[in-house]
Amino acid sequence: MSETTTVGTRALLSGDEAIARGAFEAGVRVATAYPGTPSTEILETLAPCPEVYTEWAPNEKVALEVAIGASLAGARAICSMKHVGLNVASDPLMTASYTGVRGGLVIVSADDPGMFSSQNEQDNRHYARFAKIPMLEPADSQEAKDFVIRAFEISEQFDTPVMVRITTRIAHSKSLVTLGERVEHEPAGFQRDPAKTTMVPGNARRRHQLVEERTKALVAWAETCDLNRVERGDKRIGVITSGVPYQYAREARPRASALKLGLTNPLPAKLIKRFARSVERLYVVEELDPYLEGQIRAVGVKLARAPSSPRCGELSPADVARLLGARRASVAAPAADLPPRPPALCPGCGHRALLTVLKKLKVFVSGDIGCYTLGVQPPLQTMDTCICMGASIGVALGVEKATGRSDNMVAVIGDSTFIHSGITPLVDVVYNQGTTTVIILDNETTAMTGHQAHPATGKTASGEPTHTLRMDDLARAIGVRHVHVVDPYDVRESERLVRDALGRSEPTVIIARRRCVLLDRGRPRVPRQINPEECRGCGICLGHGCPAIVDRTPPGRKRKRVEIIAQLCAGCGVCALLCPSQAIKEAPANG
Amino acid sequence: MAEITNIAIAGVGGQGILLASDVVAGAALCAGHDVKKNEIHGMAQRGGSVISEVRFGAKVHSPVVPDGQVDILLALELLEGLRNAHRLRQSGLVIADDLRIRPAVRPPGAPAYPEDVSDRLRVSAARVIIIPATDLAKQAGNVRAANTVLVGALSQHLPFAVEAWREALRACLRPALVEVNLRAFQLGLEAALRQAQGRPHRS
């Protein structure tokens, strides 16, 4: 296990690292995940541990199924994912609630209020109620570690999967954690017991009754469970809260009484009522949906009149201070006239080269989740849909079936995303006689989340060599007859292949393969430069949004003056191919 | 909340903001404080704005610094400094690299990079120190160590022993990079010292 800074047995750990540490100390045997911000570092922290089998699964559903298998074999298992990953894994989740566990089974959902790196900000606390499983919400890294250890115990005690729900501010904030030793839990091995593990209707009906009995037992246990704690303070104000909002409330109202909930499913109704009676004005402080508030009101507890909590976006310390009527520091207005700095595709990115071709062809782009989604920004503006992992292909097929034409739209999907959930929609295209053009932007890694391995990289989560999935062979096996592999730097060949595909009444898969430039930083590069005598100032090179190509046109001048910044230039040469005047050349060495 | 010190570190993805905040947090920890730090880094390598915050004191609750309570803003780039200057306390201090990085993407209608960015930054806070951190990093032997130069300058304004900083640097860096970063730290520390004595660095 790696730590940032360790003093004795105390370390400064992120919530993700602390969850990994908790699982490690709890004797976890199997850890599975699909990368997704802000959950990725959980598995990355566990991957170097020889005591733990770790895997990047193709998607969250498979990850959870592997963890369920490990649990049924008696091993402690953890499965981590971002919030939207739990949508993918919800199918096994719902029935794993019925089967229960043998070894402790912990599912980590890392939510992203504010959508720092997500397509929605769904509140996954609802999933714990929906699946009827206990949910723990840590409020800092120490709790993240402790709660994961407790989650394994609760899982085994109550025969249920347990959800640990964190948010970006827990996952990516660091705080002090006291480290402990690993305690091994030997798996008992798989045992035949279809009444528990084979969910045909007859068995599932009995298991559902057990789930309801389990919920009753959990409700009774929640009332005295030490994961919930009352902090006695000023009786005039009481706050019920959990997770990072607890920290904001403590800071805004240090002397208030607080009921800090660590177990947020099921809720301790009697404890909440007792706490409510002990204070004059009662507030609920929570992020996103009124998950606690609705249940607390439902048991007849009256809350103080308060400004409404923002249901959209991340809760801030200032929001909480406002909700609790606390005094706030005077805050200056931010400077209004500053240029924004959104993230951009890197210089030399193969995605940009391919998206530039799509821009030129003026086709609609059914997009997906990955770095290439940044193509929605100017100047490329070549990303017309983005729904969820793998949606690009099905959406393009739907447009084709509705409009009867597929010559004006392509589906664009990354390599890791294609393996995650692009394979089944490609089967659909072939089966239902679509003619969709699918472009797999293959950068040989899961780049957006920080370069994790996947089945087509030939490496496992711990870096061991393994079989390399060939996506071209896979597409042919599915029944796609036109499968091409192209280097996206070769924009002319890419354009030819896309044109051919759009004109064809059969599906086509084009794999645009160029390794992520961030993985090839040490590669020798020849920066390009513009010869001002040959440059006609058309500005076409500016149209593909490379950060190394800068507009230096003086105000009022129509003809563009453009400069390539040598330090930023990756030497891909795509701009030179795009230049109609051939004015972009390799810079002389030591120039 | 005066018993908690709040440091914000702002810059452009790829500049080493998260490393700098790890070093500051590590030094506070070595000096015996409770510490929390936050960061938003989903897009940290894609050239977007990145910010990380470190809080230390006897007991820290929120990992997020409330607006208006930043004590020291470390800016690895001038525009990112200006973007976050409003979050400072009235008595706040800015320590910035004299470096301009233009945004990679300029959406239609977006303002141009402010040419007077350093003048505006100088009047944005009670105290502003601008040092040529990138040049000093080159001098130390690695242009990418500008983050550590600024951390060295910051060390002049925080009550930690030099050994706490060195320990944190050694803990956060690969062994091969420790020496060059210790040099960068020292150059930043000296630059801040010169500024405090009214003799700004000439480059």
(request) Select from region B:133-142 the residues that are out of contact with any Asp or Glu (no Cβ under 9 Å at 6 or more places or on another chain) and surrounded by fewer than 18 Cβ atoms within 10 Å (Cβ to Cβ) and write down the one among them that is nearest to the other protein chains (Cβ to nearest Cβ). (result) B:138
(request) Go through region A:64-84 and give me each residue that's over 22 Å from residue A:116 (Cβ atoms) and either of a type in the set (D, E, K, R) or in a helix (DSSP H, G or I) (or both). (result) A:64, A:65, A:66, A:67, A:68, A:69, A:70, A:71, A:72, A:76
(request) Would you mind finding the one in B:146, B:137 that is part of a helix (DSSP H, G or I), more than 26 Å from residue A:338 (Cα to Cα) and of a type in the set (A, V, I, L, M, F, W, C)? (result) B:137
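Each row is one residue, and each column tells you yes or no for (1) part of a helix (DSSP H, G or I); (2) under 30 Å from residue A:201 (Cα atoms); (3) in contact with a strand residue (DSSP E or B) (Cβ under 8 Å, 6 or more places away or on another chain); (4) in the same structural domain as residue A:204 (by TED's automatic domain parsing).
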| residue | (1), (2), (3), (4) |
| --- | --- |
| A:23 | yes, no, yes, yes |
| A:45 | yes, no, no, yes |
| A:54 | no, no, yes, yes |
| A:94 | yes, yes, no, yes |
| A:103 | no, yes, yes, yes |
| A:109 | no, yes, yes, yes |
| A:113 | no, no, yes, yes |
| A:116 | no, no, no, yes |
(message) Let me spell it out: the conditions are (1) farther than 14 Å from residue B:181 by Cα; (2) at pLDDT 95 or above; (3) not aliphatic (A, V, I, L, M), and residue B:152 meets all of them except one. Which number is the exception?
(response) (1)
(request) State all residues of region A:395-428 that are in contact with a Leu (Cβ under 8 Å, 6 or more places away or on another chain), within 17 Å of residue A:358 (Cβ to Cβ) and surrounded by fewer than 23 Cβ atoms within 10 Å (Cβ to Cβ); if no residue qualifies, say none. (result) A:407, A:408
(request) Go through the residues of region A:131-141 one by one and say whether even a single one is of a type in the set (D, E, K, R) and at positive phi. (result) yes
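Every residue, every condition in (1) among the hydrophobic types (A, V, I, L, M, F, W, C); (2) in contact with a Pro (Cβ under 9 Å, 6 or more places away or on another chain), yes or no:
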position	(1), (2)
B:104	yes, yes
B:114	no, yes
B:121	yes, no
B:124	no, no
B:135	no, no
B:148	no, no
B:175	no, no
B:181	no, no
B:194	no, yes
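So that you can scan it fast, the table gives a plain yes or no per residue for (1) over 14 Å from residue A:173 (Cβ atoms); (2) part of a helix (DSSP H, G or I); (3) without any contact (Cβ under 8 Å) to a residue 24 or more places away in the chain; (4) within 7 Å of chain A (Cβ to nearest Cβ):
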position: B:25; (1), (2), (3), (4): no, yes, no, yes
position: B:29; (1), (2), (3), (4): yes, yes, no, yes
position: B:53; (1), (2), (3), (4): no, no, no, no
position: B:67; (1), (2), (3), (4): yes, no, yes, yes
(message) Go through (1) away from chain A (no Cβ under 12 Å); (2) in a loop (DSSP other than H, G, I, E, B) for residue B:100 and report which single condition fails.
(response) (1)
(message) Suppose we filter A:412, A:430 for residues that are among the aliphatic types (A, V, I, L, M) and under 30 Å from residue A:347 (Cβ atoms); which single one remains?
(response) A:412
(request) Of all residues in region B:69-95, count the ones that are more than 10 Å from chain A (Cβ to nearest Cβ), in contact with a Gly (Cβ under 8 Å, 6 or more places away or on another chain) and not in a strand (DSSP E or B). (result) 1
(message) Can you tell me which residue is farthest from residue A:306 (Cα to Cα) among those in region A:276-290 that are touching a residue at least 24 places away in the same chain (Cβ under 8 Å) and surrounded by fewer than 21 Cβ atoms within 10 Å (Cβ to Cβ)?
(response) A:278
(request) Specify which of the listed residues (B:125, B:110) is within 12 Å of another protein chain (Cβ to nearest Cβ), without any contact (Cβ under 8 Å) to a residue 60 or more places away in the chain, more than 26 Å from residue A:548 (Cβ to Cβ) and among the small types (Gly, Ala, Ser). (result) B:125
(message) Looking at A:50, A:38, can you tell me which residue is surrounded by 24 or more Cβ atoms within 10 Å (Cβ to Cβ) and either in a loop (DSSP other than H, G, I, E, B) or free of Cβ contacts under 8 Å to residues at least 12 places away in the same chain (or both)?
(response) A:38
(request) Can you confirm whether region A:558-571 contains a residue that is free of Cβ contacts under 8 Å to residues at least 40 places away in the same chain, away from chain B (no Cβ under 14 Å) and in contact with a Gly (Cβ under 6 Å, 6 or more places away or on another chain)? (result) yes
(request) Please report, ordered by residue number, the strands (runs of 3 or more DSSP E) entirely within region A:196-261 with at least 3 residues that are in contact with an Asp or Glu (Cβ under 8 Å, 6 or more places away or on another chain) and away from chain B (no Cβ under 14 Å). (result) A:234-241
(request) Could you identify the single residue in A:424, A:373, A:417, A:382 that is out of contact with any Cys (no Cβ under 6 Å at 6 or more places or on another chain), polar (S, T, N, Q) and within 14 Å of chain B (Cβ to nearest Cβ)? (result) A:382
(message) Testing residue B:156 on (1) within 12 Å of another protein chain (Cβ to nearest Cβ); (2) surrounded by fewer than 18 Cβ atoms within 10 Å (Cβ to Cβ); (3) farther than 27 Å from residue A:334 by Cα, one condition comes back false. Which one is that?
(response) (1)
(request) Please work out which one of (1) within 19 Å of the chain's Cα centre (by Cα); (2) within 14 Å of chain B (Cβ to nearest Cβ) is the condition residue A:13 fails and give its number. (result) (1)
(request) Kindly establish whether residue A:175 is within 25 Å of residue A:18 (Cβ to Cβ) and in contact with a helix residue (DSSP H, G or I) (Cβ under 6 Å, 6 or more places away or on another chain). (result) yes
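Please return the ranges of helices (runs of 4 or more DSSP H) entirely within region A:291-370 where 2 or more residues are of a type outside the set (D, E, K, R), within 10 Å of another protein chain (Cβ to nearest Cβ) and buried (at least 18 other Cβ atoms within 10 Å of the Cβ).
Helices (runs of 4 or more DSSP H) meeting the threshold: A:317-323.
The values are calculated or read from the model by the stated rules, or taken from the named source; none is laboratory data. Not measured: the values here are computed from a predicted model. So basically every Cβ, Gly included, is an ideal-geometry build from the backbone, and we count neighbours across all protein chains shown.
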